[in-house]
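For reference, the structure is listed below as structure tokens.
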Amino acid sequence: TVILIGLRKSKKFLGGTSCHSLLSFMAARCWIPTKFRVINKLRGTPKEFGICWGSREEVRAEQDKVLSALKNVKLDANIKPLMSQIREIKSLLSGQAHKLRQNDEFVAVIICTNGVPTDENDFVESLMSLDQLPVRIISRLVTNNDDVVNFFASLDIKIECDVLGDYWGEGMEVYLRNSWLTYGIGIH
């Protein structure tokens, strides 16, 4: 699993942080090797860090590092370069694609963002090229801004991907169809 985190200033970031905390907990608990790549500036923390890449004894320290790093993310008003990160991930995964297909495995690429890419067409092309690899693309939106939601919602017409809107919006959508189901943060 590769999780890209690229956020602009937003009051909703705290919701994103709790989601990432849960993802790090679940990855550690279920031993799912997960890499976090933070696009925003970090104070004293590497831009990439992971869980379940070392020994089982190191998992707690890895999880603490993830949680600490997420607290240190410095949000700014600029839209972040998601395209270059996606290209880099494609480059890293291209060499592993054959082995992943042989083992009937895939990599989940989760893009957590609250903004639209600087160049929307280039971004879509980058995702389309990534979609050729054994990956599952998930866009987790930490906003209810209509422009952002509409842009990412239009992606699933062009490529195979899942788009999760903001937590409350997704919860309401589930409730309206299945009022008996509690849509918790673990499902989101």
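The values are calculated or read from the model by the stated rules, or taken from the named source; none is laboratory data. Remember, it's a predicted structure, so these values are computed and weren't measured experimentally. Quick reminder, even Gly has a Cβ in these numbers, built from the backbone with ideal geometry, and neighbours come from all protein chains shown.
Listing for the model above:
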| quantity | calculated |
| --- | --- |
| Segment 49-83 - residue that is closer than 20 Å to Thr113 by Cβ and part of a loop (DSSP other than H, G, I, E, B) and, of those, modelled with the highest pLDDT | Pro81 |
| Failed criterion for Asp104 (all others in (1) part of a helix (DSSP H, G or I); (2) modelled with pLDDT of 85 or more hold) | (1) |
| Cβ-Cβ under 9 Å pairs, at least 6 apart or on other chains, segment 85-96 side under 11 Å from Val135 (Cβ atoms) and in contact (Cβ under 8 Å) with a residue 12 or more places away in the chain, far side surrounded by 13 or more Cβ atoms within 10 Å (Cβ to Cβ) and of a type in the set (Ser, Thr, Tyr) | Ile86/Ser126; Ile86/Ser129; Lys90/Ser126; Lys90/Ser129 |
| Answer from Met128, Met172 - the residue that is touching a residue at least 24 places away in the same chain (Cβ under 8 Å) and part of a helix (DSSP H, G or I) | Met128 |
| Segment 140-169: number of residues that are at pLDDT 85 or above and either assigned to a strand (DSSP E or B) or loosely packed, with under 12 Cβ neighbours inside 10 Å (or both) | 3 |
| Residue in segment 171-179 that is in contact with a Leu (Cβ under 9 Å, 6 or more places away or on another chain) and either closer than 30 Å to Leu93 by Cα or loosely packed, with under 14 Cβ neighbours inside 10 Å (or both) present | yes |
| Checking Asp156 against (1) charged (D, E, K, R); (2) touching a residue at least 24 places away in the same chain (Cβ under 8 Å); (3) touching an Asp or Glu at 6+ places or on another chain (Cβ under 8 Å), the condition it does not meet | (2) |
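The rows are residues; the columns are (1) buried (at least 20 other Cβ atoms within 10 Å of the Cβ); (2) touching a helix residue (DSSP H, G or I) at 6+ places or on another chain (Cβ under 9 Å); (3) at positive phi; (4) not hydrophobic (A, V, I, L, M, F, W, C).
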residue: Asn103; (1), (2), (3), (4): no, no, no, yes
residue: Ala108; (1), (2), (3), (4): no, no, no, no
residue: Cys112; (1), (2), (3), (4): yes, yes, no, no
residue: Gly115; (1), (2), (3), (4): yes, yes, no, yes
residue: Val124; (1), (2), (3), (4): no, yes, no, no
residue: Pro134; (1), (2), (3), (4): no, yes, no, yes
residue: Ile137; (1), (2), (3), (4): yes, yes, no, no
